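The values are calculated or read from the model by the stated rules, or taken from the named source; none is laboratory data. Note that the coordinates shown come from a computational prediction; the quantities given were computed from them, not determined experimentally. Positions of Cβ are generated from backbone atoms using ideal geometry, with glycine treated the same way; all protein chains shown enter the neighbour counts. For accessibility, only protein heavy atoms count, side chains too; no ligands or nucleic acids. Shrake-Rupley method; radii C 1.70, N 1.55, O 1.52, S 1.80 Å.
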Number of protein chains: 2
Amino acid sequence: MNILEKDVAEMVNWIASFGGLENGGTTRLLYTPEWVRVQHELKARMEQANMTAYFDDVGNLFGRIEGQHANEPVIMSGSHVDTVVNGGKLDGQFGIVGAFLAIKYLYQTYGKPLRPLEVVSLAEEEGSRFPFTYWGSKNIFAIANPNDVKHIKDQDGINFVDAMTSCGFNFNSKPPRNDIKAFVELHIEQGGVLEREQKSIGVVTSIVGQRRYNVTLRGQANHAGTTPMNYRKDAVYAFSCICHESIDKAVQYGDPLVLTFGRVNPKPNVVNVVPGEVLFSIDCRHTDQQVLIDFTKELEADMRRIATELGMSIDISLWMDEAPIPMNGHLTKLLEQQCQAAGLNYRVMHSGAGHDSQIFAPRVPTTMIFVPSVAGISHNPAEHTHLADLTAGVKALTYMLYQLAYQ
Amino acid sequence: MNILEKDVAEMVNWIASFGGLENGGTTRLLYTPEWVRVQHELKARMEQANMTAYFDDVGNLFGRIEGQHANEPVIMSGSHVDTVVNGGKLDGQFGIVGAFLAIKYLYQTYGKPLRPLEVVSLAEEEGSRFPFTYWGSKNIFAIANPNDVKHIKDQDGINFVDAMTSCGFNFNSKPPRNDIKAFVELHIEQGGVLEREQKSIGVVTSIVGQRRYNVTLRGQANHAGTTPMNYRKDAVYAFSCICHESIDKAVQYGDPLVLTFGRVNPKPNVVNVVPGEVLFSIDCRHTDQQVLIDFTKELEADMRRIATELGMSIDISLWMDEAPIPMNGHLTKLLEQQCQAAGLNYRVMHSGAGHDSQIFAPRVPTTMIFVPSVAGISHNPAEHTHLADLTAGVKALTYMLYQLAYQ
């Protein structure tokens, strides 16, 4: 095992030990004792690596190497330190490990950069403890509103604000940061594309937009024995027509469109009653906002047509409508060039999941580097990436940060 | 309102008052205080109407008018006195009301019949308190085994045997009855066919056979954002293909085939995960056993083909396989003739639901008389039949019993 592999493995396992579970997974929720400990221990490691380490008001942790020139904008990399409940060792935290090791190596090897380098351990992305996502990154740009979290509680009834202040943090009193020249986030793919195509690196060009619906189909509940087929208004049958036709259409449409009917709740949901009602969910994603809107509008029209044909009523409620977020074209091009120059086995791709980068990207030139996920598993103790791929990811990030901070 | 209508209305409401609920419905479960009271009050009414009233060992109640000749076989009519939880005023009990009033009227008008007449208030059909159906009728023919119920309990943990003995009943020590010449059951349709076709009477020619399945489709749970469509094994999509294709086939096949996918339970059943597994139920019914078997075998093959095409595993478990029960041809013909002679507005039909008659029919010449159910609603406080139709049903039964007992 070479030195970088050893360092990557050591630091991934070290961070995972804060909130580490017997099953090999990790639970490290915002403003919990595990979370506080890892942030303070990370701060100590940053200082040992000659970084200036500091928290912002809400608990985002930065480790900074000053540049040669005063007042140059910052090159930043990192990811989130919180996990989901019973998560893996990589989601979020691997991006902190990669940024820390890359910046430490660059400083040891090349000394002071032209522009300051910062590794960031973002307070929160998942929203697993409190119902609020991207708290860490949103606070960097002052786009989280104190009112957003003032009345939210965790499952034990603990207030967000009480949890925050008990850790020594508070609402952000500082103006949004406008000193960042570029942000690069290293992350596991959480899907199976890179593994299937035997690639070590994904150069991310955009994060998909999402539209989510709740749909209720209302027919008529009836006796499964005494109601002839032509007198039925069977809501499960109507659902099956909608799901079948829509998924076929999505498959025919092709990548990067994805469409999921994840939740299906018929009523009364018993063997001998024709179901009178079905509530189901739709999750549709695409990298192009116009395509996403056009496709889902067509879906809505198809559903209304099928419901009408089958004599049913339908309620279609769009409750999430997030625009796709393109990564910075110059940065993704530069990343691709670095991968080519270093002979890394990469492909250009989009992200189907949300990441802190989608908060940075509209405000700061941003890109993401993906590494494969074994079997596409994530948010799970079985989350795993081969060490060689983790190392390739750290290398790609190192080359990028060198180009951005030293050239 | 004529006298018969008044008697029908009075007696339906009187029986419904035992276990009557504030919402207008009725809950009267086997061997409960409500059930005991109604059986004893019915016994008293039978005696007032000059019937010899008696219980058998398990609590079936009979009211008997002796015939002119000794040792003639019995003409019997009746139905079950138990209800489902929060049921209506008609299911089961209307058949007791009709038989009681018909026999009382016949005796008052024509005196002693040639053959004995018996009204029966059967102890139990629904299986709503204990997981055992047709306890009442099965005991008449000694086809219920004490072992079947020795270890079953109700929701409160009360043993079947304890509940039975506390009401003064016990296991049947008598041989099966072989003195019954004919059985006629009057019942509400519980479907919407008679109402839609504006008929007052259904002449029932058979009770459908039923096959019920539990099916488990196993694909692969995956991230709804990071898993491209062509890499998915979406179990809800596979279910939708199966349901859509099968229901279309059943509709094309036509009456009396019915097919219901009543229960659908996807896993994990959340909006942003491609469902990895679906458990669903199938209920298929037909009056012809060979057709039922052939159709469901084809269904099984279709499901296996679709699962294989989509790369999924499938478990198909047939857990109910009940043969259709034909009613007695001579009796249904006689019933039809009586309806014609009386100018009753009738149609010949099958029963899509199970009834006590299916226990009688293989052992005794049996037929059923249906009356319409408003909106096809049953097992529900809203269960209702217009008084004119209830009365037509009692008339049809009276004519039948006259033919069978006095001619």
Inset, instruction - Taking a label point 7 Å out from Cα toward Cβ, give me the nm distances from residue A:294 to the same spot in the other copies, shortest first, one decimal. - result: 4.9
Legend entry - Per residue, in Å², the accessible surface of the protein assembly as shown once ligands and nucleic acids are set aside, probe 1.4 Å: 38
Legend entry - Nitroxide proxy distance, nm - points 7 Å out along Cα→Cβ at residue B:153 and residue B:69: 5.4
Legend entry - Inter-copy spacing of residue B:146 label points, which lie 7 Å from Cα along Cα→Cβ, given in nm from shortest upward: 7.8
Legend entry - Hits among lysines - C-alpha to C-alpha of residue B:267 under 18 Å, sequence gap 8 or more where chains match: A:267, B:233
Inset, instruction - Could you work out the mean count of beta carbons from other protein chains within 10 Å of each residue's beta carbon in B:242-253? - result: 4
Legend entry - Distance in nm between pseudo-label sites at residue A:267 and residue A:165 (7 Å out along the Cβ direction from Cα): 4.3
Legend entry - Qualifying lysines (Cα of each under 23 Å from Cα of residue B:333; at least 8 residues distant if same chain): B:181, B:199, B:395
Inset, instruction - Give the accessible area for residue A:29 in Å² (nearest 10); use a 1.4 Å probe, count only protein heavy atoms, and leave out ligands, DNA and RNA. - result: 30
Legend entry - Considering only chain B, percent of DSSP beta bridges that pair antiparallel, nearest 5: 70
Inset, instruction - Ignoring everything but the protein chains, give the 1.4 Å probe accessible area of residue A:11 in square angstrom, nearest 10. - result: 0
Inset, instruction - Determine, for each peptide in A:118-127, A:357-366, the mean count of other beta carbons within 10 angstrom over its residues, then list the peptides with the highest first. - result: A:118-127, A:357-366
Legend entry - Length-normalised contact order for chain A - Cα pairs under 8 Å, 6+ apart - percent: 22
Inset, instruction - Shortest first and in nm with one decimal, please list how far the residue A:305 label point sits from its counterparts in the other copies (point 7 Å along Cα→Cβ). - result: 2.6
Inset, instruction - In whole Hz, with x marking every Gly and Pro, tabulate ³J(HN,Hα) for the stretch A:77-88 from phi via Karplus 6.51 cos²θ - 1.76 cosθ + 1.60, θ = phi - 60°. - result: 8, x, 7, 9, 9, 7, 10, 7, 5, 6, x, x
Legend entry - Interface size B-A, as summed buried accessible area [1.4 Å probe, Å², nearest 100]: 4400
Inset, instruction - Report, as an integer, the average count of C-beta atoms from other chains found within 10 Å of each Cβ along B:352-358. - result: 2
Inset, instruction - Based on the mean of other Cβ atoms within 10 Å per residue, sort peptides A:76-83, A:63-70 so the most packed one is first. - result: A:76-83, A:63-70
Legend entry - Rounded if a/c under 1.5, otherwise prolate or oblate - the stretch A:209-322, Cα gyration tensor axes: prolate
Inset, instruction - May I ask what percent, to the nearest 5, of DSSP beta bridges between residues of the protein assembly as shown are antiparallel? - result: 70
Legend entry - Mean separation of Cα contacts under 8 Å, 6 or more apart, over the residue count of the stretch B:258-331: relative contact order %: 25
Inset, instruction - Would you mind classifying the protein assembly as shown by shape? Square roots of the alpha carbon gyration tensor eigenvalues, ordered a ≥ b ≥ c; an a/c under 1.5 is rounded, otherwise it is prolate if a/b is larger than b/c and oblate if not. - result: prolate
Inset, instruction - Per DSSP H run of n ≥ 4, the term is -39500 (n - 2.57); total these for chain A, divide by its residue number, and report the mean residue ellipticity at 222 nm rounded to 500 deg cm²/dmol. - result: -11500 deg cm²/dmol
Legend entry - Carbon/sulfur fraction of accessible area - the protein assembly as shown, other protein chains in place, 1.4 Å, %: 48
